[in-house]
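Reading through the structure tokens given below for one structure.
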Ligand SMILES: [Fe+2]
């Protein structure tokens, strides 16, 4: 709400007597913000995957357009140079019309395995934190090497993109 100057906007548009009022949102035009919305299509063949990964400084939403996926998601609890500590939250099949999303911590790690030739329409929002060194970051994870740390939390080693693609792509 701070990011969109909600109080000011809400006051300006008020409420309609019938239906709704709306406003275009200009994200921090005077603050040199780098917030970006990126629409993207992903094509994933049978047995191939959007490799398991977590994120920093970005969120996203994912709508399968056709096909179906086994989707697993995890909260991101902490992160260091070698690993992420995560907690499982989602393990389900998603198909056309099922929306999934990630938050900055909640459900932040995701892993889609296509069960047939499948496509998703994604909207990716980067640059959430203007003070960060990079507009966003992605951490690929070696789920087979996950070790249980506390309760259902898992400590999972990080992988380079090529290592992760070889093992999970
Ligand atoms: Fe992602």
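The values are calculated or read from the model by the stated rules, or taken from the named source; none is laboratory data. This is a predicted model, so every value here is computed, not measured. As a convention, Cβ positions derive from the backbone with ideal geometry for all residues, glycine included, and neighbour counts pool all protein chains shown.
Residue 134 meets all of the listed conditions (1) within 16 Å of the ligand (Cβ to nearest atom); (2) part of a helix (DSSP H, G or I) but one, namely (2). Within region 57-85, restricting attention to residues that are farther than 15 Å from residue 120 by Cβ and assigned to a loop (DSSP other than H, G, I, E, B), the residue that is modelled with the lowest pLDDT is 57. Among the residues of region 2-30, those identified as loosely packed, with under 10 Cβ neighbours inside 10 Å and on the phi > 0 side of the Ramachandran plot are 14, 19.
Name the single residue, out of those in region 137-152 being in a helix (DSSP H, G or I) and under 19 Å from residue 77 (Cβ atoms), that is farthest from the ligand (Cβ to nearest atom).
Just the residues of region 137-152 that are in a helix (DSSP H, G or I), to begin with: 143-145.
Among the residues that remain, those that are also under 19 Å from residue 77 (Cβ atoms) are: 143, 145.
Numbers: 143: 14, 145: 20 Å.
In this case the residue turns out to be 145.
Listed by first and then second residue, the pairs linking a residue in region 108-121 that is closer than 15 Å to residue 98 by Cα to a residue that is within 16 Å of the ligand (Cβ to nearest atom) and in a loop (DSSP other than H, G, I, E, B), with Cβ atoms under 7 Å apart and 6 or more places separating them unless they lie on different chains, are 114/48.
Which ones in region 105-131 are assigned to a loop (DSSP other than H, G, I, E, B) and at pLDDT 95 or above?
105, 106, 107, 108, 115, 116, 117 - these are the residues of region 105-131 that are assigned to a loop (DSSP other than H, G, I, E, B) and at pLDDT 95 or above.
Inclusion of residue 168 among residues that are touching a strand residue (DSSP E or B) at 6+ places or on another chain (Cβ under 8 Å) and either exposed (fewer than 15 other Cβ atoms within 10 Å of the Cβ) or modelled with pLDDT under 95 (or both) is not warranted.
The set of residues in region 106-115 being away from the ligand (no atom under 11 Å from the Cβ) and farther than 22 Å from residue 167 by Cβ consists of 106 alone. Of all residues in region 95-104, count the ones that are within 17 Å of the chain's Cα centre (by Cα) and part of a strand (DSSP E or B). Total satisfying the criteria: 3.
Looking only at region 61-82, filter to residues that are within 11 Å of the ligand (Cβ to nearest atom) and surrounded by 20 or more Cβ atoms within 10 Å (Cβ to Cβ); which one of those is farthest from residue 119 (Cα to Cα)?
Just the residues of region 61-82 that are within 11 Å of the ligand (Cβ to nearest atom), to begin with: 61-62, 73.
Filter again for surrounded by 20 or more Cβ atoms within 10 Å (Cβ to Cβ), leaving 62, 73.
Numbers: 62: 10, 73: 18 Å.
So, considering only residues that are within 11 Å of the ligand (Cβ to nearest atom) and surrounded by 20 or more Cβ atoms within 10 Å (Cβ to Cβ), the one farthest from residue 119 (Cα to Cα) is 73.
Among the candidates 49, 101, the residue that is in contact with a helix residue (DSSP H, G or I) (Cβ under 6 Å, 6 or more places away or on another chain) and within 15 Å of the ligand (Cβ to nearest atom) is uniquely 49.
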